[in-house]
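Encoded as structure tokens, the structure appears first; notes follow it.
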Amino acid sequence: AFSLLKSSGTPTVYLDNPHAGPHIGTVRVDKRHGMFIAVQHLLELGHRRILLIKNSQQSLSEPPEPPMLSHMERQIGFEEALLRYNPKEMDVHIIDEAGEPAAAGLRAVQRALERYRFTAVVAINDLVALGAFRGLQAAGLSIPEDVSVVGFDNTYLCDFLHPPLTTVATPRGDLARSVLSMLNAYIDGAEQPSEPMLSASIVLRESTAKPPAN
């Protein structure tokens, strides 16, 4: 598809994509920093036992598909936040569960509860967080009294979870305006307009709190 677009000269704007060329650009959201501030929020609350649930393997095929660029950036942000504190104080575990995101989040939590102690879950996206909610609550754990949960993407379901999900939001309005601006620039004859990097922000809801005293 990229080769066809490149050869045809069709003005194209990707989201968070490394492809570039004449009449082809990308608008990026700083998801690396978005994950950084999500983890920083948990650390400032006092969490030191943290579980990261990834869903970078989008199929069960062999060999597995490589992780998406946006997921790689989120993990880098996760690791950078930990390094701001003393890593020796941390007890961090990462589970990468393949398959449909919500089901993967459920399976990951079920596996983690058998192996690890943790007071906070960082989900690579909100659908994974949905599965994590189900797994934690099915195990008799309360959110956030026993385990805090943070998602990513600020999808519509965040307000409908119980409790509502703390998550990272991308600036959808700015994103749409940037895409239209770049497309108009290409249509007007610009070879390579500047590619913006948009900021993400954390939306605090009721799924995060200080870790339990015990």
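Measuring nothing but how far apart in sequence close Cα pairs (under 8 Å, 6+ apart) lie, relative to its length, the chain scores a relative contact order of 25 percent.
Derived scalar couplings between HN and Hα for the range 46-52 equal x, 6, 10, 9, 10, 10, 9 Hz in order, rounded to whole Hz, by the Karplus curve 6.51 cos²θ - 1.76 cosθ + 1.60 (θ = phi - 60°), x for Gly and Pro. Rounded to the nearest 5, the antiparallel percentage of DSSP beta bridges internal to the chain is 15%. Take the Kirkwood radius over Cα pairs of the chain, plug it into Stokes-Einstein at 10 °C and 1.306 mPa s, and you get 87 µm²/s for translational diffusion.
Take the Cβ atoms of D91 and D174, set R0 to 41 Å, and the FRET efficiency comes out at 0.65. Compared with the dominant Cα axis of the chain, that is its longest principal axis, helix 69-83 is turned about 50°.
For the chain, the longest principal axis of the C-alpha atoms and the axis of helix 31-45 are separated by about 20°. In sequence order, the range 107-120 has phi-based couplings of 4, 4, 5, 4, 5, 5, 5, 7, 10, 10, 10, 8, 10, 8 Hz under the Karplus curve 6.51 cos²θ - 1.76 cosθ + 1.60, θ = phi - 60°, and Gly or Pro positions carry x.
Taking 0.36 nm per residue of separation and subtracting the current Cα-Cα distance, fully stretching the chain between L45 and S181 would add 45.0 nm. Have a look at L42, S56, V168 and report the one farthest towards the positive end of the charge dipole of the range 31-173, computed about the Cα centre with Cβ charges (Lys/Arg +1, Asp/Glu -1). Towards the positive end, the residue furthest out is L42.
Here's how it looks for N125: its modeled amide H is under 5 Å from those of F152, which are all 5 or more places away or on a different chain. Would you please state which residues of the range 101-120 a label at Q137 would reach in this model, taking the label point 7 Å out along Cα→Cβ and a backbone N cut-off of under 14 Å? Within reach of a label on Q137, which here means backbone N under 14 Å from a point 7 Å along Cα→Cβ, the range 101-120 contributes 106. With contributions of -39500 (n - 2.57) from each DSSP H run of at least four residues, the per-residue ellipticity at 222 nm computed over the chain stands at -12000 deg cm²/dmol. The dipole here belongs to the chain: it is taken about the Cα centre, uses +1 on the Cβ of Lys and Arg and -1 on the Cβ of Asp and Glu, and is about 360 debye.
No value in this document is a laboratory result; all are computed from the given coordinates. Nothing here was measured: the structure is a model prediction, and the numbers come from that model. Neighbour counts run over all protein chains shown; Cβ positions are idealised from the backbone, glycine included.
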